[in-house]
Amino acid sequence: MARIVRSVMGVVLMMAAVVGSALPVHAGEGGALAVVSQVDPGYRLGAEDTLLVSVWKDEQLTREVIVRPDGMFSFPLVGDIQAEERTVEDIRSDLVKRLTKYIPNPNVSVAVTKVISYKVYVIGRVNKPGEYVIGHYTDVLQALSLAGGLTPFAAENEIKVMRRVRGEQYAIPFRYGDVRKGRDLEQNILLLRGDVVMVP
C-alpha cells in the first residue's frame with residue numbers, strides 16, 4: 001500500500017512539474033521578471049494584466065488594454081469596464097452587451113496577452129526561491145515543484161503559507177511529509193495572489 005501511495009504522489013509531482021514548466025515564469029534572485037501569454041479559461045484577472053480586445057471589421061476598436069489598479073480598463077464607446085476578479089468570457093459578454101447599442105451584432109474577442117497580477121512567492125529552503133508569475137491556479141505542491149523542490153535540510157513538516165486577507169496576515173500550515181505519504185491531502189490548498197510559501 002505504501003508503495004502505491006508513493007507512486008501516485010510521484011506521478012502527481014511529475015505532472016505538476018510538467019504543467020508548471022510550460023506556463024509560469026520565474027523571477028528568482030537577480031532574474032528578470034517575464035510574463036506568459038496563455039492562461040486557464042477560468043483565470044480571474046487582476047491589476048496590471050494585459051488584454052487584447054478586438055471587434056471584427058473595426059480596427060478602431062481593436063486594441064491592447066491594461067487593467068488599472070482600481071480593477072477597471074477603458075474602452076471606446078463603452079467607457080470603463082470592470083475586469084478584476086472576472087474571466088475573459090465575462091468581459092467579452094459585457095462588451096458585446098454594451099457595444100450592441102452602437103454596433104449591430106458585434107463580434108468581439110478578448111484574449112489575455114500578459115499575466116502579471118497572479119504572483120506567488122516561494123522562499124526558504126527550496127532550490128529556486130523567488131517570485132512566480134503563473135497563468136493558472138496553483139496549489140502548494142505545484143508551487144514547491146516550480147521552485148525546484150525542497151533542499152535536503154528543509155523542515156518539510158513546518159512549511160507555512162502566509163496569506164493576507166483584508167489587511168490581516170494568516171499562517172496556514174502545510175506538512176509536506178504527510179501529503180507525500182498520502183495523508184491530510186486537503187491541506188494542499190490553492191494559492192491566492194500574493195501568497196508566500198515559507199520553507200524553514
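The values are calculated or read from the model by the stated rules, or taken from the named source; none is laboratory data. Everything quoted here is computed from the prediction, not taken from an experiment. Cβ sites come from the backbone with ideal geometry, for glycine too, and all protein chains shown count toward neighbours. To get the accessible areas, we keep the full protein, side chains included, count just its heavy atoms, and leave off ligands, DNA and RNA. Shrake-Rupley method; radii C 1.70, N 1.55, O 1.52, S 1.80 Å.
This table checks each residue for (1) surrounded by fewer than 19 Cβ atoms within 10 Å (Cβ to Cβ); (2) touching a residue at least 12 places away in the same chain (Cβ under 8 Å); (3) out of contact with any Lys or Arg (no Cβ under 6 Å at 6 or more places or on another chain).
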| residue | (1), (2), (3) |
| --- | --- |
| ASP80 | yes, no, yes |
| ALA83 | no, yes, yes |
| SER93 | yes, no, yes |
| ASN105 | yes, no, yes |
| ILE123 | yes, yes, yes |
| LYS128 | yes, yes, yes |
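Would you please name the residue that is farthest from LEU144 (Cα to Cα), looking only at residues in segment 95-127 that are outside any helix (DSSP H, G or I) and of a type in the set (D, E, K, R)? Please lay out each step first, then the result.
Applying the first criterion (outside any helix (DSSP H, G or I)) to segment 95-127 yields 100-127.
Narrowing further to those that are of a type in the set (D, E, K, R): 101, 114, 119, 125.
Working: LYS101: 49, LYS114: 23, LYS119: 14, ARG125: 10 Å.
Per the criteria, the residue is LYS101.
Specify the residue that is surrounded by the most Cβ atoms within 10 Å (Cβ to Cβ); the eligible residues are those in segment 107-121 that are closer than 12 Å to ASP40 by Cα and among the β-branched types (Val, Ile, Thr).
VAL115
Which of the residues belonging to segment 77-93 are under 15 Å from LEU52 (Cβ atoms) and outside any loop (DSSP other than H, G, I, E, B)?
Hits for segment 77-93 are ILE81, VAL88, GLU89, ILE91, ARG92.
Before we move on, is LYS101 among the charged types (D, E, K, R), in contact (Cβ under 8 Å) with a residue 60 or more places away in the chain and exposed (fewer than 15 other Cβ atoms within 10 Å of the Cβ)?
Values: among the charged types (D, E, K, R): yes; in contact (Cβ under 8 Å) with a residue 60 or more places away in the chain: no; exposed (fewer than 15 other Cβ atoms within 10 Å of the Cβ): yes.
Considered against the rule, which asks whether it is among the charged types (D, E, K, R), in contact (Cβ under 8 Å) with a residue 60 or more places away in the chain and exposed (fewer than 15 other Cβ atoms within 10 Å of the Cβ), LYS101 comes out as no.
Of all residues in segment 145-168, count the ones that are open to solvent by less than 10 Å² (accessible area, probe 1.4 Å) and touching a helix residue (DSSP H, G or I) at 6+ places or on another chain (Cβ under 7 Å). Working first, answer last.
At the first step, the residues of segment 145-168 found to be open to solvent by less than 10 Å² (accessible area, probe 1.4 Å) are 147, 159, 161.
When the remaining residues are screened for being touching a helix residue (DSSP H, G or I) at 6+ places or on another chain (Cβ under 7 Å), the result is 159, 161.
Of the residues in that region, 2 qualify.
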